[in-house]
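Beneath this line is the structure, given in structure tokens, with notes to follow.
Each value in this text was obtained by applying a stated rule to the coordinates, not by laboratory testing. Everything numeric here is computed off the predicted structure, so don't read it as measured data. Positions of Cβ are backbone-derived with ideal geometry, glycine not excepted, and every protein chain shown enters the neighbour counts.
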Amino acid sequence: MFTIGHSTHPIERFIELLERFAVTCVCDVRSSPYSRRNPHFNREPLRDSLNRHAISYIFLGAELGGRTKDDSCYVDGKVQYALLAATPSFRKGLQLVLAESRESTVALMCAEKEPLDCHRTILVARHLSDLGVEIEHILATGESERHEDTLNRLINLLELDRTDMFLTEREVVDRAYRLREEEIAYEDTKRASRP
């Protein structure tokens with residue numbers, strides 16, 4: 001399974017990247033499938049462009065989006081990925097992706113170019129990887145990066161000590177996920193101000 005960020009790519013370049021990796025289904029995990037700056041990535045035009053290239057489109061933003069409408073997933077106005085991942089809706093979304101991956105080569109799509117800047121990696125790919133799914137991130141350069149290598153980049157970026165004798169490798173990885181989540185998780189100031 002792959003992930004990809006649409007970034008500011010022209011639609012032709014985006015489709016070229018998908019075809020390079022033989023992707024046959026895009027699962028859109030944006031909570032709001034629209035882009036003011038790049039309207040060719042709005043839900044309907046994107047679906048139509050993909051369909052013309054025999055790539056199917058499935059919107060899963062309600063299930064796997066990082067800006068959930070579920071108030072129980074917010075603490076002080078900020079989405080908490082552990083709470084979101086525990087919801088029935090999120091688990092349903094994972095099952096839908098897994099079912100589709102049995103029939104198609106799937107790419108989870110969001111907006112951010114860099115995988116480490118996006119919930120598709122820090123939230124969705126994390127839980128799919130925990131289920132044993134092998135994931136590669138399609139980069140804007142046209143190369144791909146294994147999820148394990150992306151995590152290694154994150155650990156190095158955060159300068160976490162892998163040699164700490166009191167932490168297992170899994171604990172270091174979990175800490176890296178938590179720290180990155182703190183930096184990128186959606187924050188809703190209106191929810192933060194509620195009593």
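Relative to the longest principal axis of the Cα atoms of the chain, helix 147-157 runs at roughly 50 degrees. Compared with the dominant Cα axis of the chain, that is its longest principal axis, helix 43-52 is turned about 50°.
The 3J(HN,Hα) values that the Karplus relation (6.51, -1.76, 1.60; θ = phi - 60°) gives for the stretch 126-135 are, in residue order, 4, 6, 5, 4, 4, 8, x, 7, 7, 10 Hz. Gly and Pro appear as x. When you count the other C-beta atoms within 10 angstrom of each residue and take the mean per peptide, 35-41, 110-116 line up highest first as 110-116, 35-41. Kindly express, to the nearest 10 degrees and within the range 0 to 90, the angle between helix 169-184's C-alpha long axis and the longest C-alpha principal axis of the chain. Helix 169-184 and the main axis of the chain meet at about 70 degrees. Model label points for Ser72 and Asp174, set 7 angstrom from Cα along the Cα-to-Cβ axis, are 2.2 nm apart. Need one number: nm distance between label points at Thr163 and Glu182, each 7 Å from Cα along Cα→Cβ, rounded to one decimal. Reported label-point gap for Thr163 and Glu182 is 2.4 nm.
The phi-based Karplus calculation (6.51 cos²θ - 1.76 cosθ + 1.60; θ = phi - 60°) puts the 3J(HN,Hα) values of the stretch 57-65 at 10, 10, 8, 10, x, 5, 8, 10, x Hz, whole numbers, x for Gly and Pro. 3J(HN,Hα) along the stretch 28-40: 7, 10, 6, 5, 10, x, 9, 9, 5, 6, 10, x, 5 Hz, from the Karplus curve 6.51 cos²θ - 1.76 cosθ + 1.60 with θ = phi - 60°, whole Hz, x for Gly and Pro. The modelled label-to-label distance between Arg36 and Ala62, using points 7 Å beyond Cα along the C-beta direction, is 2.6 nm.
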